[in-house]
Structures are given as C-alpha cells and as structure tokens.
Amino acid sequence: QRSFVDVAGDIWESTDGCTQLAVACDLQCTASQLPSRTRVAFRVRVVCASSLDSSGWSQETMPVTTLPVPAGAPWGVTADAAGATDLSMPISWRPGALGECSSLGFVIQRRS
C-alpha cells in the first residue's frame, strides 16, 4: 500500500479495489479492505503517461464512517428431544465468529 502526505500533513493511502484503473471510462470503483469503524474520505486524480500532464487532486469527499464487522450467526443449533420434559427442551449451539462484538449475549426464539 502506497502512502502520501499532503501539505496539511494528512496521510493519504492507495485504496484496494481502486487501483489499476487505466481506462478513461472507469468512473467508479469499490474501495475494499478498509478498516472498520473508521472515518474515511476519498479523492481522485487523472494520472497520465507523462506526470506533467496529470491532474491535481479532486476535492475530497465528506468523511464517512465504515461499518463494524458484525458477529456471525450461531450454527449447529440443536434441540435435544431426549432431554425434553413436558415444559422444557435443552437447546445448544456454536457461536459464529465474534467480529467486533464486545458484549456477548444470545436471544433464542421459538416457532410453534
């Protein structure tokens, strides 16, 4: 990843998913591999074969915050009929990846 420091001291980095755009009709891309829960802004410029012909940087976008990495859904959910009583049923599961979940809890629902 290539970084640049502008005159204001801000650090700008190349964005995965938005590199190697070498066709003039490439007018959009999807930035990827961004850090979660981070405010980011973007800017664009035209790069020509001769750096003398390249444009300056566009005005930057308004900063937006990337989303957190959510927890994965639990899996392997089972209801243990052998352990059931007339009013209860043991249920077990495996947690999914926790992502950035900092407060762990579970909600169990039933359908009749």
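Every residue, every condition in (1) surrounded by 12 or more Cβ atoms within 10 Å (Cβ to Cβ); (2) touching a His at 6+ places or on another chain (Cβ under 9 Å); (3) among the charged types (D, E, K, R); (4) closer than 30 Å to Ala41 by Cβ, yes or no:
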site	(1), (2), (3), (4)
Leu67	no, no, no, yes
Ala71	yes, no, no, yes
Thr78	no, no, no, no
Asp86	no, no, yes, no
Pro90	yes, no, no, no
Pro95	yes, no, no, no
Gly99	yes, no, no, yes
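For the structure I just gave you, tell me whether Pro35 is out of contact with any helix residue (DSSP H, G or I) (no Cβ under 7 Å at 6 or more places or on another chain) and surrounded by 10 or more Cβ atoms within 10 Å (Cβ to Cβ). It is false that Pro35 is out of contact with any helix residue (DSSP H, G or I) (no Cβ under 7 Å at 6 or more places or on another chain) and surrounded by 10 or more Cβ atoms within 10 Å (Cβ to Cβ).
The sole residue among Arg39, Arg94 that is closer than 22 Å to Asp6 by Cβ and of a type in the set (D, E, K, R) is Arg39.
Taking each residue of the range 4-23 that is under 17 Å from Glu60 (Cα atoms) and looking for partners that are not in a strand (DSSP E or B) and not acidic (Asp, Glu) with beta-carbon atoms closer than 6 Å, six or more apart or interchain, yields Glu13/Gln1; Ser14/Gln1; Ser14/Arg2; Thr15/Ala31; Cys18/Cys29; Cys18/Ala31. Counting the residues of the range 28-65 that are among the polar types (S, T, N, Q) and touching a residue at least 12 places away in the same chain (Cβ under 8 Å) gives 9. Exactly one residue among Thr66, Thr30, Thr85 is modelled with pLDDT under 90 and either in contact with a helix residue (DSSP H, G or I) (Cβ under 7 Å, 6 or more places away or on another chain) or among the β-branched types (Val, Ile, Thr) (or both), and that residue is Thr30.
The values are calculated or read from the model by the stated rules, or taken from the named source; none is laboratory data. Please read these numbers as outputs of a predicted model, since none were measured by experiment. Cβ sites come from the backbone with ideal geometry, for glycine too, and all protein chains shown count toward neighbours.
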